[in-house]
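The structure under discussion appears below in the form of structure tokens.
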Amino acid sequence: MTQVVLGENEGIDSALRRFKRQVSKAGILADVKYHRHFETPQEKRKRKAVAARRKRRFR
């Protein structure tokens, strides 16, 4: 669960930006998108292969 604690002089806009950044970093929206519909085994293999390629590229 992503939480954002507002600082003393922090505005709502900056807190919202931090929240959105944390959600995208955690991959929460991508996870929701994947679980919205049934994923066939072929789609699952393809998604994992793409994720592995992406992970290798950043190492």
Practice task
Take the Cα coordinates of the chain, assign each an equal point scatterer, and use the Debye formula without solvent to give log10 I(q)/I(0) at q = 0.15, 0.23, 0.26 Å⁻¹.
Solution key: -0.64, -0.96, -1.06
Handout entry: Order of Thr40, Thr2 under a 10 Å beta carbon neighbour criterion, fewest first
Key = Thr40, Thr2
Practice task
Would you be so kind as to identify which of Leu16, Leu6, His35 lies farthest towards the positive end of the dipole of the chain, taking Lys and Arg as +1 and Asp and Glu as -1 on Cβ and the Cα centre as origin?
Solution key: His35
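All of the numbers you see were taken from the coordinates with simple rules; none came from a lab. None of these values were measured; they are calculated from a predicted model. So basically every Cβ, Gly included, is an ideal-geometry build from the backbone, and we count neighbours across all protein chains shown.
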